[in-house]
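Take a look at the structure below.
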């Protein structure tokens, strides 16, 4: 069996980019084995086909540590990294989704287009990091994407002990006056708890009401998954 993300034949990336992407994911796996006490629950719950991966946001390294659990290539909806030209060029080259303020109005349409082609997307609806075992406001974009694409939502809870988090305030990112902290986990425990896929029904009500209801459901499920780590994954 091939180790690494799969690429459908219609995927826009050429052979070189696919090889680079697989190599990048492999390097993350090697690092995880050497330096992280990684524990993943519920990987078998991830369905085949296009889906919307939704996680809480605890560190700047979340995207790196979660990426290897996906069996396929995913489009990450990202904001602050696009603030830097080099990172923006790399992310665009690998077909990630720019969620910076100037492009925010296009995020839902871009995500829905990738999902319609059979690819998956990954989003952190809080838009910024939160304290451990706390959730911030979930922006309703995940609900809008779901209503357009009607593919499963896979809720994922991320947890790491505070003692393993390292802050580097000297390299914080400032976007439109808002400060995004540079907080990372490079060693120690890191937990990924994958929940059952969600397929909320779209009921009567305005689009905004449906977006809020879907988003609230996803947030509630991630909160349950976090609590599951805290109460039953006692190895932390």
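Derivation of every value follows stated rules applied to the coordinates shown; laboratory data play no part. What you see is a predicted model, and the numbers here were worked out from it, not measured in a lab. Backbone-built Cβ (ideal geometry, glycine too); neighbour counts: all protein chains shown.
Could you order the peptides 135-145, 95-105 from most to least packed, using the average number of other C-beta atoms within 10 Å per residue? Write out the running numbers ahead of the final one.
Details: 135-145: 20.5, 95-105: 16.3.
The most tightly packed comes first, giving 135-145, 95-105.
Could you order the peptides 199-208, 155-164, 26-35 from most to least packed, using the average number of other C-beta atoms within 10 Å per residue?
Details: 199-208: 10.5, 155-164: 19.5, 26-35: 13.0.
Packing order, densest peptide first, comes out as 155-164, 26-35, 199-208.
Quick one: in the chain, what % of C-alpha pairs are over 32 Å apart? Walk me through the numbers before you get to the answer.
Details: 4206 of 27730 pairs.
Value for the chain: 15 percent of Cα pairs lie more than 32 Å apart.
Please figure out what share of the DSSP beta bridges in the chain is antiparallel and state it in percent, rounded to the nearest 5. Mind showing how you got there, number by number?
Working: 11 of 30 bridges.
For the chain, the DSSP antiparallel bridge percentage is about 35.
What relative contact order, as a whole-number percentage, does the chain give when Cα pairs under 8 Å and 6 or more residues apart are counted?
Numbers: 387 pairs, mean separation 61.8, N = 236.
Over the chain, the number comes to 26 percent.
Quick check of the Kirkwood formula: for the range 40-177, what is the inverse mean of 1/r over all pairs of different Cα atoms, in Å?
Details: mean 1/r = 0.0634 Å⁻¹.
For the range 40-177, inverting the mean 1/r across all distinct Cα pairs yields 15.8 Å.
For the chain, what does -39500 (n - 2.57) per DSSP helix run (n ≥ 4), summed and divided by total residues, give at 222 nm, in deg cm²/dmol to the nearest 500? Could you put the intermediate results ahead of the total?
Numbers: 6 runs with 80 residues, N = 236.
For the chain, the value works out to -11000 deg cm²/dmol.
Evaluate the Kirkwood expression for the hydrodynamic radius of the range 75-118, namely the inverse of the mean inverse distance over all pairs of different C-alpha atoms, and round to one decimal in Å. Could you put the intermediate results ahead of the total?
Numbers: mean 1/r = 0.0952 Å⁻¹.
Computed over the range 75-118, the radius equals 10.5 Å.
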